[in-house]
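Data first, discussion second: the structure below is written as structure tokens.
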Amino acid sequence: MSLSLASDDNVTHEFEVSVVDGEVGPNAVAFHRDNQSVVYTGYGQGLTTVNYNTTIHHVRRIELPANRTRTVGTHRVPAGETKRINVTDFETGDTLVVFDRREGRVVALVAANCDESGLDFVSIIAGSARTSAAYGCY
């Protein structure tokens, strides 16, 4: 599975890449925010991109299902650059989850799952105002 990470911003973005076995499912992801209660959510099939407004949602940490998640790596992408990664050991039905961090906080989350057809590629572009993503299935 091919992953493209780009920073179309004037600062470096840090992308934390993980793979969850199968779909993430409802209430399987915990969001820890500054001075607020923990929020739980989940992601099914398809592509999900969630941007967090840094003045309202100070997301510091996101917990994926521990017993089904493996970290692929953390990749720093300087302003104006692109990094391409081959995600190995990615099975059909698994979910790719990428956190976009800027200046110590999570500014976006991208989750992609193609279920039976298999995930072919994910492309993520981090901008100054928002992070966007695209994906393709086999």
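Results, tabulated for the structure shown:
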read-out: Meets criteria (closer than 19 Å to residue 114 by Cβ, open to solvent by 80 Å² or more (accessible area, probe 1.4 Å) and modelled with pLDDT of 90 or more) for residue 81; value: no
read-out: Residue ID - farthest from residue 16 (Cα to Cα), chosen from residues in the stretch 99-128 that are open to solvent by 50 Å² or more (accessible area, probe 1.4 Å) and polar (S, T, N, Q); value: 117
read-out: Test: residue in the stretch 47-62 that is over 25 Å from residue 7 (Cβ atoms), open to solvent by less than 60 Å² (accessible area, probe 1.4 Å) and either outside any strand (DSSP E or B) or β-branched (Val, Ile, Thr) (or both); value: no
read-out: Any pair with Cβ under 6 angstrom, 6 or more apart, that starts in the stretch 102-114 at a residue that is under 18 Å from residue 60 (Cβ atoms) and among the charged types (D, E, K, R) and ends at one that is modelled with pLDDT of 90 or more and surrounded by 23 or more Cβ atoms within 10 Å (Cβ to Cβ); value: 102/13
read-out: Residue that is at positive phi and not in a strand (DSSP E or B), where the choices are 44, 73, 93; value: 93
read-out: Qualifying position, being among the polar types (S, T, N, Q), at pLDDT 90 or above, closer than 26 Å to residue 12 by Cβ and open to solvent by 50 Å² or more (accessible area, probe 1.4 Å), among 131, 71; value: 71
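The values are calculated or read from the model by the stated rules, or taken from the named source; none is laboratory data. Note that this is a predicted model, so its numbers are computed, not measured. Neighbour counts run over all protein chains shown; Cβ positions are idealised from the backbone, glycine included. Areas reflect the complete protein model, heavy atoms only, side chains present, ligands, DNA and RNA absent. Shrake-Rupley method; radii C 1.70, N 1.55, O 1.52, S 1.80 Å.
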